[in-house]
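The next block holds one structure in the form of structure tokens; read it before the comments.
Read-outs throughout are calculated quantities, based only on the coordinates presented, and are distinct from any laboratory measurement. This one's a predicted model, so the numbers in the text were calculated from it and none came from an experiment. In this analysis, Cβ positions are derived from the backbone assuming ideal geometry, glycine residues included, and neighbour counts consider all displayed protein chains.
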Amino acid sequence: MIKKYIEDANFEDTGFSYTLSLISGKYKMVILYCLMEFQPVRFNELQRYLKKISDKTLSQNLKELEKDGLVCRKVYSQIPPKVEYSLSERGRSLMSVLDEMCVWGENNRV
């Protein structure tokens, strides 16, 4: 299957390329995995799970994941403001891919 994508002159038009565009970056896969394990999760909780991520970077990644339909953001109208993040149905469908990456990593660790 990968060979087909490599031979394809329009790599950008492949499903493989599209999937990578959604989860590329240093934190997106980790954010998705945290949401799978602990959802729903508040912003500060995510920061604690991810340790060395800035507010700006986490906020930007969450906005991109929400725009791509992988994450749901729920705002509660209360004081102080409360916002929770969880996986959307589309995001949950991606978890089997991330699980397989984990399995592959455990089986092929050098």
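Summary of values
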item	result
Chain lengthening between LYS74 and MET95 when straightened (0.36 nm per residue, less Cα-Cα)	5.5 nm
³J(HN,Hα), Karplus 6.51/-1.76/1.60, whole Hz, each residue of segment 87-101, x for Gly, Pro	6, 7, 4, 5, x, 5, 5, 7, 5, 5, 5, 5, 4, 5, 5
Between segment 64-104 and segment 27-48, the Cα center-to-center distance that results, in Å	8
Computed over segment 26-108: relative contact order in percent, which uses C-alpha pairs under 8 Å that are six or more apart	34
Rounded to 10°, Cα long-axis angle of helix 28-38 versus longest principal axis of the chain	60
Per-residue Cβ neighbour rank within 10 angstrom, fewest leading, LEU98, LEU87	LEU98, LEU87
Values of log10 I(q)/I(0), in the order q = 0.10, 0.12, 0.14, 0.22 Å⁻¹, for segment 26-108 under a Debye, Cα-only, solvent-free model	-0.25, -0.35, -0.47, -1.07
